[in-house]
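Structure provided below as structure tokens; questions to follow.
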Amino acid sequence: MGLITRIISNEPINGTIKVPQAGSILHRYMICSALSGQDPEFICTNDSKDIRVTRNCLGVLGLGETSISDENFVYRLECGESDTTYKFMLPIAGAFGKTCIYALRGNLVFTSMDQFYRVLRTHGIKRDEIRPDLVKVTGQLTAGTYIFPGVSDGQALSGLLMALPLLKEKSAVMVEKKPQSEMYVDMTISMMRRAGISIEVLKDQNGLARVYRIPGGQRYDMKEVPAIEGDWELAAYWLTGAAVSNGTVTCTDLNTASLQGDRRILRILELFGAKTEEKKHERADAWEEGEPVFWSDITVKGGNLKGTNIDASDIPDLLAHVVLLASAAEGVSIIKNPVSIGMDADRVRALTSVMTELGAQITEVPDGLLIDGSGGKQLFGGRVGTHHDYRLAMMGTLAAGMCRKGVILEQADAVERTYPQFFEELERLKQNR
């Protein structure tokens, strides 16, 4: 990734924006569609690097009815920085007995996969680390009972659940504690069921938080083309940016009943005292069965924010938003449990470093962060690095709206991983005064 630097002015953002389709749903839809061997005509409005690497990996593997195991062939899967792609492809490729080399980049190189590999190792999968960014995985995934001790990684669990119906025999997945980001596991199960897959979910069984029972010998059948709702994680940046810059932004086609966990940004904004409005409209083409589907246009107006306390243990993708809001609010905020499976300690330190360089008052305390907000007064701004992390790049960009002299953002091209149009949309919103 290059060293592109951008100068971000401190004007507020105003206007209406249609965010790209939810990446979390797209990953799951593309995989279920590929496993069905069908290729329905589909318009995708999310052209992020993460979506492209999943699409490319599926193409390399050639999944579907014609997919066969070839022990003498090694598939090279370029996963980029997408942990979703990596964790989804691992068990699915294993279900077909495909030998793969996974090429990793950026922070993904340092993402711990030890728990997942220990689970897979007991069912026929072997890992051989050629070097930190190249991992060779061999073996045939076998059916049976899988046990995840402690807190399980929701993405890894999702990948395994999508793979197990492809095996001939039945399987069960037993999870000791509630999965991290369970709403996204529920999203996976919902997509699987829409593709004709049977899966039973049992909760709180004999000391286990979750038990998933999956019959073997199933076939994916994805005939429908969904209308996919907007991405809550991406919308959250614009809504938070409006709140901290005294702007007004409306994000369209969002689903407030979504299984995207990041829809909780609405509750977080309300806890900080931000002004929010919702306008619902029915979507006849939305991909649901039985009940009418309503999507919403969500508006946030900047104003006086008040400090509050937030438990961040299950909202890793919203931690940057919480830090932004707390830094702009009046009074002290405490963010509990910022370190989680989805947000490790190094990333939390990098996040707080970006904001303190701009003038935010952040102190690390046991199991959390204490933030003494500016109370509407502007931070002084300045030059910050993004550590090649799209979350920090977008956070630093939107922090410019609460700074006296704006922000000079290094490694700005990190946003291309999830939101290639981000800076184009930013300039449009800054012109609406």
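With a 1.4 Å probe and all protein chains kept in place, how much accessible area does Phe294 have, in Å² rounded to the nearest 10?
It works out to around 90 Å².
Once you have the Cα-Cα distance between Ser198 and Arg383, take 0.36 nm times their residue separation minus that, and quote the gain in nm to one decimal.
Extending this stretch completely gives an extra 61.4 nm.
Might you tell me the accessible area per residue for the chain, computed with a 1.4 Å probe and given in Å²?
Accessible area per residue: 42 Å².
Now for a different question. What percent of all Cα-Cα pairs in region 316-384 falls in each 5 Å bin, counting up from 0?
Answer for region 316-384: a P(r) of 3, 18, 31, 27, 14, 6, 1 percent.
Limiting things to C-alpha atoms, what are the Rg and the maximum Cα-Cα separation (Dmax) for region 104-161, in angstroms?
Computed over the Cα atoms of region 104-161, radius of gyration and Dmax are 12.0, 34 Å.
Can you list the DSSP H helices in the chain whose Cα atoms extend at least 27 Å along the helix axis and whose mean Kyte-Doolittle hydropathy is 0.0 or higher?
Qualifying helices: none.
Once you list every other residue whose beta carbon is under 15 Å from the beta carbon of Thr352, what net charge do they have if Lys and Arg are +1 and Asp and Glu are -1?
-3
Carbon and sulfur atoms: what percent of the 1.4 Å accessible area of region 221-314 do they account for?
41 percent
Averaging over all projection directions, find the projected area of the Cα convex hull of region 366-433 and quote it in nm² with one decimal place.
Dividing the Cα hull surface by four gives the mean projection, 6.0 nm².
What does the C-alpha gyration tensor say about the overall shape of region 354-398? Classify as rounded when a/c is under 1.5, otherwise prolate if a/b is larger than b/c, or oblate.
Here region 354-398 falls in the oblate category.
Residue separation times 0.36 nm, minus the C-alpha to C-alpha distance between Gln115 and Thr145: what's the value?
Contour length minus Cα-Cα distance gives 9.2 nm.
What's the Cα-based Rg to Rh of region 48-184, Rh via Kirkwood?
0.93
Further, regarding this structure: Treating the beta-carbon of each Lys and Arg as +1 and of each Asp and Glu as -1, no other charges, what is the dipole magnitude of the chain about its Cα centre, to the nearest 20 debye?
420 debye
Here is a follow-up. Could you give the semi-axes, largest first, of the ellipsoid that matches the chain, computed as the square roots of 5 times the alpha carbon gyration tensor eigenvalues and rounded to whole Å?
Equivalent ellipsoid of the chain: 37, 23, 21 Å, largest first.
Taking a ≥ b ≥ c as the square roots of the eigenvalues of the Cα gyration tensor of region 292-433, is the shape rounded (a/c under 1.5), prolate (a/b larger than b/c) or oblate?
rounded
Next question. Could you name the lysines whose alpha carbon sits less than 26 Å from that of Lys306, not counting residues in the same chain fewer than 8 places away?
Lys275, Lys279, Lys336, Lys377, Lys405, Lys430
Right, another one. Kindly identify region 182-299 as rounded, prolate or oblate by the Cα gyration tensor criterion: order the square roots of the eigenvalues as a ≥ b ≥ c, call it rounded if a/c is under 1.5, otherwise compare a/b with b/c, prolate if a/b is larger, else oblate.
oblate
Hey, how many Å between the Cα centroid of region 79-153 and the Cα centroid of region 349-410?
34 Å
Additional query: Hey, any idea what Rg/Rh is for region 233-275, computing Rh the Kirkwood way over Cα pairs?
0.94
Where in region 91-105 does the label zone of Ile130 land, with the point 7 angstrom along Cα→C-beta and an amide N cut-off under 11 Å?
100-104
The values are calculated or read from the model by the stated rules, or taken from the named source; none is laboratory data. Bear in mind the structure is a predicted one, so any value in this text is a computation, not a measurement. Virtual Cβ from ideal backbone geometry, glycine too; neighbours counted across all protein chains shown. What goes into the accessible areas is simple: the full protein's heavy atoms, side chains included, and nothing from ligands, DNA or RNA. Shrake-Rupley method; radii C 1.70, N 1.55, O 1.52, S 1.80 Å.
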